[in-house]
Amino acid sequence: MHVVETINSIIHYNKTTVNQMKLKLFSCALFLAATCAAQGQHVMNVNTAKLGANVSPTMYGLFFEDINYAADGGLYAEMVKNRSFEFPNAFTGWDISGNVMLKNDGPFEKNPHYVRLAPSGHRDKHTMIENHGFFGMGVKGGEEYRFSVWARVPDGGSAKLWIDLVDNATMSDDQKLGNAGVDVSGKDWKKYTAIIKPKRSFAKAHLRVWGDSKVTTDVEHVSLFPVKTYKGRENGMREDLAKALEDVHPGVFRFPGGCIVEGTDLATRYQWKNTVGPVENRPLNENRWHYTFTQRYFPDYFQTYGLGFFEFFQLCEDFGCEPLPVLSVGLACQFQNGEGAHAKMNELQPFIDDCLDLIEFANGPVDSKWGKLRADMGHPAPFNMKYIGIGNEQWDNLYFERLKPFVAAVRAKYPNIKIVGTSGPDSEGKMFDKGWAAMKEQKADLVDEHFYRPEAWFLGTGDRNNWPNCGALRYDSYDRKGPKVFAGEYACHGKGKKWNHFETSLYEAAFMTGIERNADIVEMATYAPLFAHVEGWQWRPDMIWYDNLRMFKSVSYYVQQMYAMNKGTNVLTLTTVDPNDAKGKKLIPVAGQEGQNGLFASSVFDKQTNEVIIKVVNTSKQAQNITLNLQGMKGERTAETLTLQHNGSMDDENTLDKPELIKPVAGSVKCEIAGKKQQTVLNDAVPAMSFRLYKVKK
Ligand code: AHR
């Protein structure tokens with residue numbers, strides 16, 4: 001029998017003696033609670049009667065960066081690589097044959113290159129260009145693909161372009177997966193489109209464009225998109241990947257990075273103004289992650305900016321979450337560049353202008369310069385942006401002195417915008433403390449913290465000399481008077497060659513109970529990185545993996561989703577008796593501390609659904625019996641549960657071939673009623689190495 005029931009049956013035994021017994025029973029209850037914990041029964045009290053701090057609607061979100069082919073070759077559904085012939089080697093990604101010439105006086109000022117397809121003068125020498133896509137092009141049999149090209153006939157008249165989708169691995173008639181023709185006419189550049197319907201699926205298709213055998217034709221911005229993109233947009237996103245993001249139910253979306261904001265150097269930093277307006281005229285930029293592949297040669301990682309700031313804001317609107325753009329503070333990556341590589345203080349104005357103009361682009365009226373551009377792009381209504389990040393992983397005085405004029409300018413013109421500063425790349429230490437102190441001094445609204453740390457850090461079992469604030473207790477001691485926390489990049493990086501495996505994801509879930517308990521200071525948290533192409537990654541673990549046709553959600557994805565979909569509106573106090581307190585009086589959180597056998601827990605209330613939500617993570621190798629006293633709740637209830645556990649090896653992970661090996665499973669637990677007050681009590685055995693979430697209607 002459980003503790004509460006025992007006490008209450010004693011009380012029922014003889015009503016007349018209740019008052020005399022009260023004192024003794026109270027001591028008895030505390031004694032039993034402590035004893036039970038020692039025996040493996042963990043008693044936790046959830047105070048459902050008193051609502052604690054608000055949980056910010058932005059609490060659990062997404063962080064997007066174009067790393068691991070996350071944009072071009074990933075979320076952005078364009079299938080043609082180097083579509084505008086602007087890569088340093090203009091034919092990267094293309095095979096050419098016959099009479100093909102590169103020209104540079106094309107119709108798009110910022111992407112001036114195009115190719116001239118001229119007849120070879122020989123009956124059998126065909127002029128043709130063939131694009132390899134990003135690790136091939138993934139096409140699905142029976143689905144429609146929209147080919148488009150800007151073209152002209154420089155000498156006037158008309159010409160025919162033939163377009164084939166091909167499977168080069170097949171040497172038979174079956175090689176051609178689908179085709180279309182385009183009739184080009186006149187000397188002026190025009191956009192032509194055609195639909196191709198492949199007869200079968202193939203993950204590694206190529207796109208061929210054949211020049212007219214008799215007439216010279218110029219082609220530029222050669223493009224192929226699935227018709228079925230997310231929300232059916234022409235310059236759209238891969239449907240499966242965008243849907244996976246939507247399904248997280250994120251509260252905030254941070255973009256466009258990461259180090260990409262800073263660039264390899266200042267010249268290659270992310271400049272949002274280059275990412276808006278017609279896609280054909282968005283200039284190419286080298287990707288900061290271009291040089292960082294360990295497993296492949298890297299001549300081809302560039303940003304077309306087809307997925308640019310307008311599209312990012314649009315996605316935020318689709319997902320119903322807050323946009324959080326991050327801009328350069330005039331510092332190139334501090335890891336890679338010496339002091340002289342950065343913008344000098346007297347060179348900062350264009351960077352500050354970019355920041356103010358971005359707010360106008362997102363929120364300004366349609367008759368303002370940048371608000372008009374937003375309207376021209378199809379979105380007259382403001383995007384209602386509320387946050388702006390200034391600087392990514394910046395540190396020390398170089399950063400602090402540059403941030404100041406940005407803060408002054410934003411405060412003066414847009415006092416309601418919340419400014420997100422950064423504490424640098426470390427999760428603790430001298431520079432981290434200095435960063436926080438500077439952010440307090442400059443009155444940043446939030447501080448972006450990053451922590452890619454091993455298991456012991458996430459579990460809070462690490463060396464406190466190095467990691468004074470590791471684990472789920474991290475935020476308990478944070479100063480409540482300064483800026484709020486944005487845990488902007490984090491993931492548990494397992495020791496050894498284990499990545500995205502079940503165990504580390506479980507420890508992320510354990511750590512996140514501490515984020516939830518401290519919702520009064522933590523306003524948002526985003527796992528990182530988000531995406532990775534299985535053939536083109538340089539960083540792992542990542543939340544979502546894919547090839548050209550398939551994708552899978554990592555276990556970390558499910559952890560994030562379980563939190564984001566059950567974030568509630570208010571924190572509830574969840575405590576247990578400190579097993580080390582001889583008097584049995586001291587109440588402490590459940591955060592994997594001594595005597596708690598690796599249990600972590602937190603609780604919230606959701607005003608919209610009237611539910612008490614409790615998250616329990618058992619990081620021990622044994623199942624653990626828990627008693628949750630739902631103080632303030634009476635009578636019978638059934639708790640819905642969602643459990644993330646795995647019976648196989650803790651090193652197992654989801655894969656393209658087994659995408660759903662590990663995923664949350666729904667269930668239920670019937671609560672019990674204890675004592676005269678009919679208090680609702682939830683008794684359960686939480687499986688070894690599992691994350692279980694309980695939802696009980698209040
Ligand atoms: O998420 C990958 C990288 O990690 C980010 O670009 C950077 O901010 C951090 O160092």
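Any read-out appearing in this document is the output of simple, stated calculations on the displayed coordinates, not a laboratory observation. Note that the structure is predicted; figures quoted are calculated from it, not measured. Here the Cβ positions follow ideal geometry from the backbone for every residue, glycine too, while neighbour counts run over all protein chains shown.
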Please express the Cα-Cα pair-distance distribution P(r) of the chain as a list of whole percents, one per 10 Å bin, running from 0 to the bin with the greatest distance.
-> 3, 14, 22, 22, 17, 11, 6, 3, 1, 0, 0, 0
Once both axes come from the Cα atoms, what is the angle between helix 430-441 and the longest principal axis of the chain, in degrees from 0 to 90, rounded to 10?
-> 90 degrees
Using alpha-carbon coordinates, inclination of helix 18-39 to the longest axis of the chain, degrees = 50 degrees
Rounded to the nearest 20 Debye, what is the dipole magnitude of the chain about its Cα centre when Lys and Arg each give +1 and Asp and Glu each give -1 at the C-beta?
-> 2080 debye
What Kirkwood radius, in Å to one decimal, follows from the Cα pairs of the range 96-191?
-> 15.4 Å
Would you work out which of Y399, A437, P154 lies farthest towards the positive end of the dipole of the chain? Charges go on Cβ: Lys and Arg +1, Asp and Glu -1.
-> A437
Ordered by fewest other Cβ atoms within 10 Å, a rough proxy for footprinting exposure, S556, S668, S690, S368 read S668, S368, S690, S556
Excluding G632 itself, what net charge comes from residues whose Cβ is under 11 Å from its Cβ, given Lys and Arg +1 and Asp and Glu -1?
-> +4
Write down the percent of antiparallel bridges among all DSSP beta bridges whose residues are both part of the chain, to the nearest 5.
-> 70 percent
What pairs from K273/K386; K160/K214; K81/K228; K440/K567 go past 21 Å between their alpha carbons?
-> K440/K567
Quick one: which residues, 5 or more positions from C671 or on another chain, have an amide H under 5 Å from its amide H? H modelled 1.01 Å from N in the peptide plane, none for Pro or chain starts.
-> R637, T638, A639
Search the structure for amide H atoms under 5 Å from the amide H of D448, placed 1.01 Å from N in the peptide plane, and list their residues when 5 or more places away or on another chain.
-> G421, T422, S423, F486
Once the Cα gyration tensor of the range 436-522 is found, what semi-axes does its equivalent ellipsoid get, as square roots of 5 times the eigenvalues, in whole Å, sorted largest first?
-> 25, 12, 12
Angle between the chain longest axis and helix 502-517 axis [Cα atoms, degrees, rounded to 10] | 70 degrees
Taking only the alpha carbons of the range 75-126, the radius of gyration and the largest Cα-Cα distance, Dmax, both in angstrom, are 13.0, 42
In deg cm²/dmol and to the nearest 500, what is the mean residue ellipticity at 222 nm of the chain if only DSSP H runs of at least 4 residues count, each as -39500 (n - 2.57), divided by the residue total?
-> -6000 deg cm²/dmol
